[in-house]
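What follows is a short report on a single structure.
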Amino acid sequence: MTGSKELKDGSSENAPLVFIGGGNMAAALITGCVAKRFVEKDRVVISVRTEKSAEKWRQKGYVNVFTNTLEMLEKYPTAIYIICVKPQIFNEVVSSWPVNSRPKFIVSVMAGVPLPTLSAKLPFVSGNTTIIRMMPSVASSIGAAATTMCYEKNDKIENQDTYIKYAREFAECIGTVEIIPERCFNPAMAIGASSPAWTFMYIESLADGAVAQGLGRAEAKRIAAQAVLGAAQMLLNSESGFDIEKQHFGWLKDQVCSPGGTTIEGVRALEKHGFRSAVIEAVSAASKKADDMAKTAK
Ligand SMILES: NC(=O)C1=CN([C@@H]2O[C@H](COP(=O)(O)OP(=O)(O)OC[C@H]3O[C@@H](n4cnc5c(N)ncnc54)[C@H](OP(=O)(O)O)[C@@H]3O)[C@@H](O)[C@H]2O)C=CC1
Ligand SMILES: O=C(O)[C@@H]1CCC=N1
């Protein structure tokens, strides 16, 4: 990406990107898309709750920072709105939205707030508003997120294809993107957005294991992180001889396990301690939590 991306929909040329919420997820998104020059800093607008957070953003060179969401939304009546607050704060955001507002394009990254709830709760949303649910991850900051996206296609919405294309380009600038049906959104969130936390835990555990055996902490951390990166790259890069569309992951695992060797002993230990089951349960627990949140968000 060489230049700042413009959204030309006839009504808003070069529309600003307005982030409602400026915490961890917004920081990863903004860092990632500014680094790729998808948007310039002066076209980013952010609202946060506290002056302390606002000051942090200003120190990073962002000038359009607000601690009053209503004031921000009144100042930017035509924009691309990205809702980045916690789901529990969504009702507060709804009540901060000017009643006469008629937004055309809203992106929500909130876990556990489905599209029908978004449309129902944002009372000003008309039949002419495109709402997109996007689930990126903290890896957006380095352009390495595995983002998922869903939306309801409506041919009656003016310029909807333009908005969808823009959202897709936004997601591509922070990593990869999969468009999925909303019914699969929560399990996809678990493996795309929550799993970085579990992977950090896994890498930390690898390092701990080696430190327990006497390896220095710094070396252990670097070796563990690189080993996980290399393994993931082998799955995604067909030059490894692996075809992710056709082959089972076990094919690569088996290449590492020399008969009578060291690795298969580790496989045995992992199986004994319920490794796969623990991971499957983690995905299920995160997904179920999002299902429960969706019920209370109604
Ligand atoms: N963290 C992650 O890896 C991911 C998070 N998400 C989603 O992103 C959303 C945000 O999560 P995360 O960034 O982790 O949370 P944080 O707690 O880090 O950030 C929340 C932000 O919202 C701000 N805020 C609170 N109330 C308001 C308000 N009324 N108006 C405007 N801003 C407000 C806070 O301001 P202040 O800083 O002043 O308190 C803070 O900047 C969640 O819905 C989550 O589901 C999605 C994918 C991954
Ligand atoms: O923990 C959460 O709820 C958010 C959504 C996915 C990742 N973090």
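Read-outs: derived from the displayed coordinates by stated rules, not from any lab. Quantities reported herein were computed from a predicted structural model and do not represent experimental measurements. Methodologically, a virtual Cβ is constructed for each residue, glycine included, from the backbone with ideal geometry; neighbour enumeration extends over all protein chains shown.
With a/c under 1.5 counting as rounded, go ahead and sort the stretch 17-180 into rounded, prolate or oblate using the C-alpha gyration tensor (a ≥ b ≥ c being the square roots of the eigenvalues; past the cut-off, prolate if a/b is larger than b/c, else oblate). Don't jump to the answer; show the numbers that get you there.
On the way: a/c = 1.56, a/b = 1.10, b/c = 1.42.
Since a/c reaches 1.5 but b/c is at least a/b, the shape of the stretch 17-180 is classed as oblate.
Short-range pairs are left out: with C-alpha atoms under 8 Å and at least six residues apart, the relative contact order of the stretch 188-295 is 24 percent.
Computed from backbone phi with θ = phi - 60° and the Karplus coefficients 6.51, -1.76 and 1.60, the 3J(HN,Hα) list for the stretch 67-79 is 10, 10, 5, 4, 4, 5, 5, 5, 6, 10, x, 10, 6 Hz; x is used for glycine and proline.
Of the listed pairs 52/153; 104/246; 153/298; 41/288; 36/86, which have alpha-carbon separations greater than 32 Å here? Beyond 32 Å between Cα atoms: 52/153; 104/246; 41/288.
Of the peptides 224-230, 183-189, the ranking by mean beta-carbon count within 10 Å, highest at the top, reads 183-189, 224-230. Summarising the amide proton neighbourhood of residue 144: residues at separation of 5 or more, or on other chains, whose placed amide H is nearer than 5 Å comprise an empty set. Summarising the amide proton neighbourhood of residue 111: residues at separation of 5 or more, or on other chains, whose placed amide H is nearer than 5 Å comprise an empty set.
Close amide-amide hydrogen proximity is noted between residue 66 and 46, 47, 48, each under 5 Å apart and 5 or more residues distant or on a separate chain (H modeled in the peptide plane; Pro and chain starts excluded). The mean of 1/r over all distinct Cα pairs in the chain, once inverted, gives the Kirkwood hydrodynamic radius of 21.2 Å. In terms of overall dimensions, the C-alpha atoms belonging to the stretch 188-295 reach 49, 36, 26 Å along their principal axes, ordered largest to smallest.
Over the stretch 17-180, calculate the relative contact order: mean separation of alpha carbon pairs under 8 Å at least 6 apart, over the residue count, as a percent.
Details: 292 pairs, mean separation 37.3, N = 164.
RCO, the stretch 17-180: 23 percent.
Express the relative contact order of the chain as a whole percentage, based on alpha carbon pairs under 8 Å and six or more residues apart in sequence.
15
For the stretch 148-200 and the stretch 258-277, compute the distance between their C-alpha centroids and round to whole Å. Answer, in whole Å: 35. Listed by number, the DSSP H helices of the chain that run 15 Å or longer by alpha-carbon position along their axis and have mean Kyte hydropathy of at least -0.5 are 24-35, 195-212, 217-236, 275-297.
Ordering of 200-211, 106-117 by packing is 106-117, 200-211, highest average first (other Cβ atoms within 10 Å, averaged per residue).
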